[in-house]
Amino acid sequence: MPLQHIVWLKKKDYCSQQQMQVLLDEVCSLVKVISEIQSVSSGINITDRADGFTHGIIVTVAHQQALQTYISHPAHVAVGKKLVKNADILAMDYEC
């Protein structure tokens, strides 16, 4: 059963919009490196309902094992470290 990995990002004040876009582009490029990713998208929040969260990422994988492979992949870990330095993060995974 497919899974959605959803990440909410609250950009830190010292992280520019341009820096955040570079990071989001790096996340989206993971689809070329991690074969378990079926799709990935990211964007800027356009509502006032996100409690200050400014950006979002959605990654689709085929099943739970694919999610674990994705999460532990060195390319994901590397970009994750950069995101943690530049944003507060919430993540959720669910079957769809």
For this session: Report the local net charge at Asp13: Lys and Arg +1, Asp and Glu -1, summed over other residues whose C-beta lies under 14 Å from its C-beta.
Result: +3
For this session: Please give the net charge around Asn45, taking every other residue with its beta carbon less than 11 angstrom from that of Asn45, where Lys and Arg add +1 and Asp and Glu add -1.
Result: +1
Exercise. Computed over the Cα atoms, what is the radius of gyration of the chain divided by 2.2 N^0.38 Å, N being its residue count?
Worked result: 1.04
Problem set entry | Under the Karplus curve 6.51 cos²θ - 1.76 cosθ + 1.60, θ = phi - 60°, whole-Hz ³J(HN,Hα) for segment 22-32, x wherever Gly or Pro sits | 4, 5, 4, 4, 5, 4, 5, 6, 4, 4, 7
For this session: Quote the FRET efficiency, to the nearest 0.05, computed for Gln68 versus Asp25 with a Förster distance R0 of 25 Å and r equal to the Cβ-Cβ distance.
Result: 0.50
Exercise. So, counting K/R as plus one and D/E as minus one, what does the shell of residues with Cβ under 12 Å around Pro2 add up to?
Worked result: -3
For this session: Kindly provide the helix-only [θ] at 222 nm of the chain, computed as the sum of -39,500 (n - 2.57) over DSSP H runs of four or more divided by all residues, to the nearest 500 deg cm²/dmol?
Result: -11000 deg cm²/dmol
Exercise. For Arg49 and Ala75 in the same chain, what is the full-extension length gain: residue separation times 0.36 nm, less their Cα-Cα distance, in nm?
Worked result: 6.2 nm
For this session: Return the single residue from Gln18, Gln68, Gln38 with maximal mean-square fluctuation; model: Gaussian network over the chain, springs between Cα atoms under 10 Å.
Result: Gln18
Problem set entry | In Hz, Karplus ³J(HN,Hα) per residue of segment 81-96 (6.51, -1.76, 1.60; θ = phi - 60°; x = Gly, Pro) | 4, 5, 5, 4, 6, 10, 7, 7, 10, 10, 9, 8, 10, 8, 7, 10
Seminar exercise, completed: Across Ser72, Ser41, Ser29, the residue with the highest GNM fluctuation in the chain (Cα network, 10 Å cutoff) is Ser72
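Quick note: the coordinates plus some simple rules give every number you see, no bench work behind them. Just so it is clear, the structure is predicted and the values come from calculations on it, not from any experiment. Heads up, the Cβs are rebuilt from the backbone with ideal geometry, glycines too, and the neighbour counts pull from every protein chain shown.
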